[in-house]
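Following: one structure in structure tokens, then a few remarks.
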Amino acid sequence: MGNKASNVTAGKPKIAGAIYKAPLGTELPTSTTDALTGFTCLGYVSDDGVSNDNSPESTTIKAWGGNTVLALQTDRPDTFTYELIEALNPDVLKVVYGDTHVEVGENGEIHVEATADQLEAHSWVIDMVLRDNRAKRIVISEGTLTNLATINYVDNDAVGYGITITATPDENGNYHEEWIAGESEISG
């Protein structure tokens, strides 16, 4: 078959939003075109985009003399890292501090409680557009915020929340699923 330049692509966010969260138990999409009923859009993501680390970790067994004779996979964490930059969005703050620790008053005032409480798991969707306007959707049935980067308040950059979501397997053992639209499907 050989090389095919049309198979090389880049990922850009969808105009309507790129990262969504929902309570566990929300019906998950099973295509790039399914409606995201029950999901909340988390607004703009920094221009660093989304990183997915899904690399296996292993240990090797060596024979006498130093030859590697066996490699055993010991773990395969599935994490997604991105920076949410809508720092005044209560839904973003709920991701960082927990749904019950962010309140919005009648006048729009936001009250945040930073606690040591365990953050709840959510379902997540990441939508993007690939080459030739083909949609790609990543669905994480269950994931929890497991790392928060240092929050910087400076006058020459946006306040952002660099988060890492760690996926846990669903009932079928899938940490996440991906759908890529066919060449004839055009994303919106």
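Scanning region 117-130 for residues that are without any contact (Cβ under 8 Å) to a residue 40 or more places away in the chain and in contact with a strand residue (DSSP E or B) (Cβ under 7 Å, 6 or more places away or on another chain) yields one hit, 119.
Residues are listed down the side, and each one gets a yes or a no for (1) hydrophobic (A, V, I, L, M, F, W, C); (2) modelled with pLDDT of 95 or more; (3) touching a strand residue (DSSP E or B) at 6+ places or on another chain (Cβ under 9 Å):
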{"site": "132", "(1), (2), (3)": "no, no, no"}
{"site": "137", "(1), (2), (3)": "no, yes, yes"}
{"site": "142", "(1), (2), (3)": "no, yes, yes"}
{"site": "151", "(1), (2), (3)": "yes, yes, yes"}
{"site": "160", "(1), (2), (3)": "no, yes, yes"}
{"site": "173", "(1), (2), (3)": "no, no, no"}
{"site": "178", "(1), (2), (3)": "no, yes, yes"}
{"site": "183", "(1), (2), (3)": "no, no, no"}
{"site": "188", "(1), (2), (3)": "no, no, yes"}
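Please indicate, with yes or no, whether at least one residue in region 57-66 is open to solvent by 70 Å² or more (accessible area, probe 1.4 Å), at positive phi, modelled with pLDDT under 95 and among the small types (Gly, Ala, Ser). Yes - at least one qualifying residue is present in region 57-66. A single member of 72, 145, 88 is over 21 Å from residue 172 (Cα atoms) and open to solvent by less than 50 Å² (accessible area, probe 1.4 Å), and it is 145.
Screening the candidates 98, 105 for the property of being free of Cβ contacts under 8 Å to residues at least 40 places away in the same chain and buried (at least 18 other Cβ atoms within 10 Å of the Cβ) yields one hit, 98.
For region 96-125, name all the residues that are part of a strand (DSSP E or B) and among the β-branched types (Val, Ile, Thr).
102, 104, 110, 112, 125, listed by residue number.
Residue 143 falls short on exactly one of the conditions (1) small (Gly, Ala, Ser); (2) in a strand (DSSP E or B); (3) closer than 16 Å to residue 46 by Cα, and that condition is (3).
Within region 108-142, the residues that satisfy the criterion of being polar (S, T, N, Q) and either buried (at least 18 other Cβ atoms within 10 Å of the Cβ) or over 26 Å from residue 28 (Cα atoms) (or both) are 115, 123, 141.
The values are calculated or read from the model by the stated rules, or taken from the named source; none is laboratory data. Remember, predicted model here, so these are calculated numbers, not experimental data. Using ideal geometry, Cβ is built from the backbone for each residue, glycine included, and neighbour counts are taken over all protein chains shown. All accessible areas refer to the heavy atoms of the entire protein, side chains included, with ligands and DNA or RNA removed. Shrake-Rupley method; radii C 1.70, N 1.55, O 1.52, S 1.80 Å.
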